[in-house]
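The values are calculated or read from the model by the stated rules, or taken from the named source; none is laboratory data. Everything numeric here is computed off the predicted structure, so don't read it as measured data. Positions of Cβ are backbone-derived with ideal geometry, glycine not excepted, and every protein chain shown enters the neighbour counts.
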Amino acid sequence: METVSRPTLDRRPIERPRKAAAKRNVTAAKVRASLTNGSTLITDCDHRSAWMRRLRDLVMQHESDLAGDSNISESERRLVRRSAMLTLQLEMMEQRWAANEGEASSKQIETYQRVTGALRRLLESLGLQRRSKTIVPSVAEYIASINEAAE
């Protein structure tokens, strides 16, 4: 038995049974930090809250865009977390403005603009690409294609 002193006024020692090293079930996941082993995104918060659920969804969506969790590097994983958090913060700012009938102060707009720029740069470093959009044919080309199909 191991004796440990109490942090109270009563100084009598407490006896606790010692765990034998052989009996401990220590795995790599238990040794590493919860952020490292992927069991949590942020420490010391309620992971059931609406904003935390949204953050997890954003992280999963970004990871999916990068071909899945198993195909991204640790550096990309950190950038994904940061970009998901910036996206969430921008969404929260938009919600506050919507509740305030769309009004925002110039400082809030400046902050929004800065965060948007930072998010764009993060997403570009993760592989955000411009994709050309197929343009619908003009009316004349459409009518010509219908006439060709009818003949």
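Report, by residue number, each residue of the stretch 100-115 that is farther than 27 Å from Met60 by Cβ and either part of a helix (DSSP H, G or I) or in contact with a helix residue (DSSP H, G or I) (Cβ under 9 Å, 6 or more places away or on another chain) (or both).
Scanning the stretch 100-115 gives Glu103, Ala104, Ser106, Lys107, Gln108, Ile109, Glu110, Gln113.
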Filtering the stretch 63-74 down to residues that are part of a helix (DSSP H, G or I) and either surrounded by 10 or more Cβ atoms within 10 Å (Cβ to Cβ) or in contact with a strand residue (DSSP E or B) (Cβ under 9 Å, 6 or more places away or on another chain) (or both) yields Glu63, Ser64, Asp65, Asp69
Taking the residues in the stretch 116-132 that are over 17 Å from Leu86 (Cα atoms) and among the basic types (Lys, Arg) as candidates, determine which candidate is modelled with the lowest pLDDT. Arg130
Without any contact (Cβ under 8 Å) to a residue 60 or more places away in the chain, under 28 Å from Gly127 (Cβ atoms) and surrounded by fewer than 11 Cβ atoms within 10 Å (Cβ to Cβ) - does that describe any residue in the stretch 103-113? yes
